[in-house]
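Just below is one structure, and these are the notes that go with it.
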Amino acid sequence: MIQYLERLKLTKKLAMNCPKCYSSKFVKNGHTHYGKQRFRCQHCGRQFVNNPSRQPISQFGKKIRAKLLRVNLVGQVNSFPMKK
Ligand SMILES: [Zn+2]
């Protein structure tokens, strides 16, 4: 089991592919706001970041998300024209 996990870690580190088309042809494409290297797939043009952090969302992030959600809901309501 541990061996399996170790291998998984290893393959994750080594195998970096486009999350969309799994191509390994990509170019560096600047950095994210968090200073992470960003890549762009040369095959499908998808932008992605290696090893996206899986840290829990911070309080700040939660607030932003709540706001976005609210805006989204309001937008949906507004874009639903009342007929009759
Ligand atoms: Zn791709």
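The values are calculated or read from the model by the stated rules, or taken from the named source; none is laboratory data. Here the structure is a predicted model, which means the values were calculated and not measured. Glycine gets a Cβ as well: all are built from the backbone with ideal geometry, and neighbour counts include every protein chain shown.
Being of a type in the set (Ser, Thr, Tyr) and in contact with a strand residue (DSSP E or B) (Cβ under 6 Å, 6 or more places away or on another chain) is the filter; apply it to the stretch 16-38 and report the residue that is farthest from Phe48 (Cα to Cα). It comes out as Ser23. Within the stretch 30-64, being among the aliphatic types (A, V, I, L, M) and at pLDDT below 80 holds for Ile57, Ile64. When the stretch 23-34 is limited to residues that are in a loop (DSSP other than H, G, I, E, B) and within 15 Å of the chain's Cα centre (by Cα), the one that is nearest to Gln47 (Cα to Cα) turns out to be Thr32. Selection of first residues in the stretch 21-41 that are more than 12 Å from the ligand (Cβ to nearest atom) and of second residues that are part of a strand (DSSP E or B) and among the β-branched types (Val, Ile, Thr), restricted to Cβ pairs under 8 Å at least 6 apart or on distinct chains, gives the following pairs, ordered by first then second residue: Thr32/Val49; Lys36/Val49; Gln37/Val49; Arg38/Val49.
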